[in-house]
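For reference, the structure discussed in these notes is given below.
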Amino acid sequence: MTATNAIEVNNLRKNYQGFTLDVSFTVPYGSVCGFIGRNGAGKTTTLKCLLGMIIPDSGEVTILGKPSSDVSLKADLGVMFDQPYFQEDWTAREVERVLRSYYPNWNGETWRKYLEAFELPERKKFKDFSRGMKMKLGLTAALAHDAKLLLLDEPTGGLDPVFREEMLDIMRDYLLGEKRTIFFSTHITSDLDKIADRVIFISGGKIIFNDSKYALMEKYTLVRGDGYDEIRSTDPLEDLPRSVLTQKPTLEDIVVYFERGKVKSC
């Protein structure tokens, strides 16, 4: 494990009928890394392999300098899936009582701060929460024990724009802590535009690219007109006719054109 990477995944492979996950990638310390791809691309399977919720057929995963099987890692990870896994009859008070016993660094003050900020009732049962309230409670739990790495699965999916922006603000605040890292899966490219500094794109169970968001913007050019409709490497562009239009692509353009197989490397 190099000192610069919070996550290292080497030749991770999981076979299912009709689908194979086969990925290798790294996530540097201190980064916000967006893990993007369409539904069914392998995002959630990868996250569950990182957490030991799915046993891969082969490969190695190292998190925060430790093998992913090391149980001591749990104290340093903040995890949230698109549907938080709490007992339906638990209240927020009962959630805290249970989680406090698992995390040596549990901070009750932080827990209460986010409950108040999110206007979450302490005595209402989880099953009676709206989807947005459930996501807020899940995020509160992930943030309340001084985690060094947040692993989030579609944290803003299905949420209204106001709460999505609020969620991103909280993620930014979290990064103010020393050497903290966020790895989050999403299919919403606008969220990546706002917060991510690195993007990993997965399609069909394979990593298509893993690069700085800013480097991607510089690396490719969108070309349209006179029979052209593609993204190509920015240099060189001398072979293009004067009649075509070229412009800097958005991250969404890059993802869509890669999915369509309309990316030309020169």
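Filtering the stretch 234-259 down to residues that are in a loop (DSSP other than H, G, I, E, B) and out of contact with any strand residue (DSSP E or B) (no Cβ under 8 Å at 6 or more places or on another chain), which residue is surrounded by the most Cβ atoms within 10 Å (Cβ to Cβ)?
Step one: of the stretch 234-259, the residues in a loop (DSSP other than H, G, I, E, B) are 234-244, 248-250.
Subset that is out of contact with any strand residue (DSSP E or B) (no Cβ under 8 Å at 6 or more places or on another chain): 235-236, 238-239, 241-242, 250.
Working: ASP235: 10, PRO236: 9, GLU238: 6, ASP239: 7, PRO241: 9, ARG242: 5, THR250: 14.
The qualifying residue surrounded by the most Cβ atoms within 10 Å (Cβ to Cβ) is THR250.
Hey, among the residues in the stretch 165-184 that are modelled with pLDDT under 85 and either part of a helix (DSSP H, G or I) or among the polar types (S, T, N, Q) (or both), which one's surrounded by the most Cβ atoms within 10 Å (Cβ to Cβ)?
MET167
In the list TRP111, TRP106, which residue meets the criterion of being surrounded by 13 or more Cβ atoms within 10 Å (Cβ to Cβ), within 20 Å of LEU175 (Cβ to Cβ) and touching a residue at least 24 places away in the same chain (Cβ under 8 Å)?
Working: TRP106 fails: within 20 Å of LEU175 (Cβ to Cβ).
Every option except TRP111 fails the conditions.
Filter the stretch 79-89 down to residues that are open to solvent by less than 70 Å² (accessible area, probe 1.4 Å) and out of contact with any strand residue (DSSP E or B) (no Cβ under 7 Å at 6 or more places or on another chain) and give me whichever is nearest to HIS187 (Cα to Cα). Talk me through it step by step, then tell me what you get.
Taking the stretch 79-89 first, the residues open to solvent by less than 70 Å² (accessible area, probe 1.4 Å) are 79-82, 84, 86.
Pick out the ones that are also out of contact with any strand residue (DSSP E or B) (no Cβ under 7 Å at 6 or more places or on another chain) and you get 84, 86.
On the way: PRO84: 19, PHE86: 24 Å.
This residue is PRO84.
Among the numbered criteria (1) crowded, with 18+ Cβ neighbours inside 10 Å; (2) in a loop (DSSP other than H, G, I, E, B), which single criterion is violated by LEU150?
(2)
Among what's in the stretch 201-211 and is in contact with a helix residue (DSSP H, G or I) (Cβ under 9 Å, 6 or more places away or on another chain) and of a type outside the set (D, E, K, R), pick the residue that is surrounded by the most Cβ atoms within 10 Å (Cβ to Cβ).
Here the residue is ILE202.
Counting only residues that are surrounded by 19 or more Cβ atoms within 10 Å (Cβ to Cβ) and not polar (S, T, N, Q), how many does the stretch 26-42 have?
Result for the stretch 26-42: 9.
Is the stretch 213-233 home to any residue that is part of a loop (DSSP other than H, G, I, E, B), touching a residue at least 24 places away in the same chain (Cβ under 8 Å), open to solvent by 40 Å² or more (accessible area, probe 1.4 Å) and out of contact with any Cys (no Cβ under 7 Å at 6 or more places or on another chain)?
Going through the stretch 213-233, the residues part of a loop (DSSP other than H, G, I, E, B) turn out to be 226-227.
Checking the rest, the ones that are also touching a residue at least 24 places away in the same chain (Cβ under 8 Å) come to none.
No: the stretch 213-233 contains no residue that is part of a loop (DSSP other than H, G, I, E, B), touching a residue at least 24 places away in the same chain (Cβ under 8 Å), open to solvent by 40 Å² or more (accessible area, probe 1.4 Å) and out of contact with any Cys (no Cβ under 7 Å at 6 or more places or on another chain).
If you check THR20, THR45, which single one turns out to be of a type in the set (Ser, Thr, Tyr), outside any strand (DSSP E or B), open to solvent by less than 70 Å² (accessible area, probe 1.4 Å) and farther than 15 Å from GLU60 by Cβ? Lay out the reasoning, then the answer.
Values: THR20 fails: outside any strand (DSSP E or B).
Answer to the selection: THR45.
Might you check whether a residue that is touching a Lys or Arg at 6+ places or on another chain (Cβ under 9 Å) and in contact (Cβ under 8 Å) with a residue 24 or more places away in the chain occurs anywhere in the stretch 127-136? Walk me through it before giving the result.
So the first thing to find is which residues in the stretch 127-136 are touching a Lys or Arg at 6+ places or on another chain (Cβ under 9 Å), and the list is 129, 133.
Among the residues that remain, those that are also in contact (Cβ under 8 Å) with a residue 24 or more places away in the chain are: none.
For the stretch 127-136, residues touching a Lys or Arg at 6+ places or on another chain (Cβ under 9 Å) and in contact (Cβ under 8 Å) with a residue 24 or more places away in the chain: absent.
Keeping to the stretch 185-218, report how many residues are modelled with pLDDT under 90 and among the basic types (Lys, Arg).
1
The values are calculated or read from the model by the stated rules, or taken from the named source; none is laboratory data. Please read these numbers as outputs of a predicted model, since none were measured by experiment. When we count neighbours, we look across all protein chains shown, and the Cβ atoms used for this are built from the backbone with ideal geometry, even at glycine. Only protein heavy atoms, including side chains, enter the accessible area calculation; ligands, DNA and RNA are left aside. Shrake-Rupley method; radii C 1.70, N 1.55, O 1.52, S 1.80 Å.
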